[in-house]
1. Using only Cα atoms, tell me the angle between helix 47-57 and the longest principal axis of the chain; keep it within 0 to 90° and round to the nearest 10.
2. Please turn the phi angles of region 35-44 into ³J(HN,Hα) values with the Karplus equation 6.51 cos²θ - 1.76 cosθ + 1.60 (θ = phi - 60°), one per residue in order, whole Hz, x for glycine and proline.
3. Quick one: compute the contact order of region 2-57, relative version, from alpha carbon pairs under 8 angstrom and 6+ residues apart, as a percent.
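Derivation of every value follows stated rules applied to the coordinates shown; laboratory data play no part. Being a predicted model, the structure only gives us computed values, none of them experimental.
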Amino acid sequence: MRRLVLPKIYQKSRLLTLRLLLIKVAGRLLRFGRSTWLKLSSSFPYLELFHDLLVKLE
């Protein structure tokens, strides 16, 4: 799964490293009707990577 979704520089990363980079971040989860939004800080250093992964997973 990592090879299909992640860029080459992150494909050999350990799961713990990926979890620290992408999941353990401060954010706010908002729910509006049937939609759920994850608001991240504009200074989040891996925002582009996070967005690219979400697009590929959809």
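1. Taking the Cα atoms of the chain, the angle to 47-57 is about 90 degrees.
2. 9, 10, 10, 10, 8, 10, 5, 5, 9, 5
3. Details: 30 pairs, mean separation 16.8, N = 56.
Across region 2-57, relative contact order equals 30 percent.
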